[in-house]
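Structure first, then comments.
Read-outs throughout are calculated quantities, based only on the coordinates presented, and are distinct from any laboratory measurement. The shown structure was predicted, so the numbers you read here are calculated from the model rather than taken from an experiment. Backbone-built Cβ (ideal geometry, glycine too); neighbour counts: all protein chains shown.
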Amino acid sequence: VSTASKDHQALNFKKTHDKDDDEDDDPTVEKSSPNDPLYVFSVLMLLNFSTRGLIAIYETQGTRVFLDEYHMTSLQLGTLVSSSGLLGTLMLLLYKQLWTRYYTDYALILGGLLLACVVQLLVVNWTPQFRPDLWASILATIAVYGFGFPIANTAVLGSFSTLQKSGRQGLHQGRFSTVGSIARITMPILTELLDQYLGMNASYSVVLVMIS
């Protein structure tokens with residue numbers, strides 16, 4: 001009886017494994033993967049590039065506009081940028097209480113980039129002679145430093161970390177950071193070149209397209 005029971009168990013074990021092998025070979029059976037879906041990671045990479053590139057442009061070209069166009073002093077410009085950055089830090093400190101409690105990461109990404117698009121439209125002058133409005137530029141700086149960048153970029157990072165719960169997390173986080181670093185290097189150079197050869201409106205329009 002013991003031998004018959006063992007043979008029966010062995011037969012069931014073989015049938016079960018044969019069934020699993022057939023499912024693995026069947027292309028209609030959906031397989032799960034820690035990297036699936038790949039397009040979501042690609043989109044988050046692009047969003048990371050956009051948000052990092054946006055803040056890099058405001059840190060470089062944006063400050064130059066205040067100095068050259070409006071003849072701000074270094075103290076005035078420093079006060080504006082540091083105050084806007086302090087607001088952004090406050091938004092991060094209260095990130096859970098103000099934002100994630102009520103909105104998803106994807107809604108925060110959309111909201112942050114939408115805000116950046118709106119204020120970018122304010123600083124683009126649609127006349128041939130570029131002369132942005134001072135208060136529009138100040139509002140754009142406060143919106144980007146204080147709300148748009150910290151909220152959208154933090155939500156992108158949170159979404160990326162949530163998706164990559166297992167697997168080679170260090171490798172993917174390294175790639176994520178590398179994309180952000182490339183954006184911070186290349187986007188200010190690109191916008192300055194456009195400003196030099198095509199004018200400030202061209203560079204500001206590129207920023208608008210990038211975050212759209």
Proportion of all alpha-carbon pairs of the range 51-101 beyond 18 Å (%): 44
Relative packing of peptides 100-111, 65-76 - highest average C-beta neighbours within 10 Å first: 100-111, 65-76
Ranked packing of 56-64, 184-192, most packed first, by mean Cβ within 10 Å: 56-64, 184-192
Cβ-derived FRET efficiency at R0 22 Å, LEU190 paired with LEU38, nearest 0.05: 0.20
Net charge of Cβ neighbours under 15 Å - reference LEU113; Lys, Arg +1; Asp, Glu -1: 0
Listed peptides 203-209, 118-124 by packing density, highest first (mean Cβ within 10 Å): 203-209, 118-124
Inter-label distance for THR79 and SER177, nm, one decimal - labels placed 7 Å from Cα along Cα-to-Cβ: 3.7
